[in-house]
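Below is one structure, written out as structure tokens; the observations come after it.
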Ligand code: ATP
Ligand code: MG
């Protein structure tokens, strides 16, 4: 069986696998990528110096699946010092484990000496590695059959554990005994779920059984590693698949990071996250998940911090949940049908947009659009306003005749009305206000202090709501008027 790697990187090879693995010559569909050519030069150089060398692991798996290949790892019989001696530019990135990064034609390739591993006292990393001369021994230490395939310049696959067959069957299967492999390195359990989720594969029975038996071992894995795998599941193409598997195996509850949910909580959340895969934005996926898991903005903030998410992701997610809280409170506070109620709601919404940002406000509307209607805050009015959604069709036409409120409208007014309110805001942030803090302080002949922030926010709210023109003279006059009444 051959894979003509230098001509088919980037071409779709799935048909080939599904053809039952007959000898197959890949058509010249696409030029080889620059990365493939550079890797080919590295492999040629190693073989011309009398060593064996192959593409290995994820790059072969993804190429065979027709998925984009982002990096290429090379496995070789050459010892690390021999690799360093052959290439003009190399970095000893993991010498103890036999890894040298070779820089070739603007690309970096991890070139690793064939090795076996043993020990694994910490259930994550081997205590001993031994360099060996047989590539099949190297493939045996790898996690899953689909990651234990290698391929040389001639295009022949070396696949001692049936990885190619498992690709065709769309199954994740451990190399060797699953229970032992997960005991050695507990991170493999999450990699297993991640690959099944991202590739939309199933997990072989023995592998799943091994995972269930070893799930307590997740307590040995650093939170950062768990979080990185989770991100790939949630942000990948089939997040519901991974989340359902995680709910079934109850793996995360065994980890170091807080996981305050039962299987019932997770099942209930699954019903609310049906649309998660439709969300393009990663932080909106996390916001939806945390919303479905009934987390307050504050709780979500603490959880994301404990789970070592970046500050940027944490802030983006939490702001969306803060918008939810402000808006839910507004819907509860303003009884539907109250004279002027719609305008009051509009002002509360604008206040939320100004406090938490347009992006977060629109983010919350995106979540509302995919949440089942029964889960909308507006559909759960307080006891005194039963059967009367807060953002009613009449409220919509009162405020904005332009909004489509017909019965066959696909998106609920609970989403379109606040979206329209955002579109109508003449300005959306403090920096767009036609006066600065200094100008206000000078006009009032007062030293800047906490009063100034309050006043600017009041001016911003009034301007964004359409009560004041965003004009310097108008705003300074209003500032003076406000100053007369203490703020
Ligand atoms: P991706 O890069 O998409 O995460 P990958 O399979 O290339 O997938 P890497 O972490 O880049 O994953 O690892 C490269 C290869 O090293 C894998 O294909 C696998 O053969 C091996 N490998 C990686 N992590 C482990 C592990 N924890 N246990 C055993 N083998 C592993
Ligand atoms: Mg990789």
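If you scan region 329-341, which residues turn out to be assigned to a helix (DSSP H, G or I) and loosely packed, with under 15 Cβ neighbours inside 10 Å? If the condition is that a residue be assigned to a helix (DSSP H, G or I) and loosely packed, with under 15 Cβ neighbours inside 10 Å, then 329, 333 are the ones that fit.
Among the residues of region 130-160, just one is surrounded by fewer than 18 Cβ atoms within 10 Å (Cβ to Cβ) and within 12 Å of ligand 1 (Cβ to nearest atom), namely 140. Does residue 464 meet the test of being modelled with pLDDT of 55 or more, within 19 Å of residue 344 (Cα to Cα) and surrounded by fewer than 14 Cβ atoms within 10 Å (Cβ to Cβ)? In short, no. Note on region 52-71: among residues that are outside any helix (DSSP H, G or I), near ligand 1 (Cβ under 9 Å from one of its atoms) and touching a strand residue (DSSP E or B) at 6+ places or on another chain (Cβ under 9 Å), the one that is farthest from residue 39 (Cα to Cα) is 57. Take residue 88 and decide whether it is more than 16 Å from ligand 2 (Cβ to nearest atom) and assigned to a helix (DSSP H, G or I). When the stated conditions are applied, residue 88 does not pass them.
Considered as a group, the residues in region 67-85 that are touching a residue at least 40 places away in the same chain (Cβ under 8 Å) and over 32 Å from the mean Cα position of the chain (by Cα) include one that is nearest to ligand 2 (Cβ to nearest atom), and that residue is 77. Residues being under 14 Å from residue 97 (Cα atoms), assigned to a loop (DSSP other than H, G, I, E, B) and more than 16 Å from ligand 2 (Cβ to nearest atom): count how many of those fall in region 125-151. Qualifying residue count, region 125-151: 4. When we screen 115, 124 for residues that are surrounded by fewer than 20 Cβ atoms within 10 Å (Cβ to Cβ), within 12 Å of ligand 1 (Cβ to nearest atom), farther than 26 Å from residue 34 by Cβ and free of Cβ contacts under 8 Å to residues at least 40 places away in the same chain, the only hit is 115.
Evaluate region 252-271: report whether one residue or more is in contact (Cβ under 8 Å) with a residue 60 or more places away in the chain and assigned to a helix (DSSP H, G or I). Yes, because at least one residue in region 252-271 is in contact (Cβ under 8 Å) with a residue 60 or more places away in the chain and assigned to a helix (DSSP H, G or I).
The values are calculated or read from the model by the stated rules, or taken from the named source; none is laboratory data. None of these values were measured; they are calculated from a predicted model. All Cβ positions, glycine included, derive from the backbone under ideal geometry; neighbour counts span all protein chains shown.
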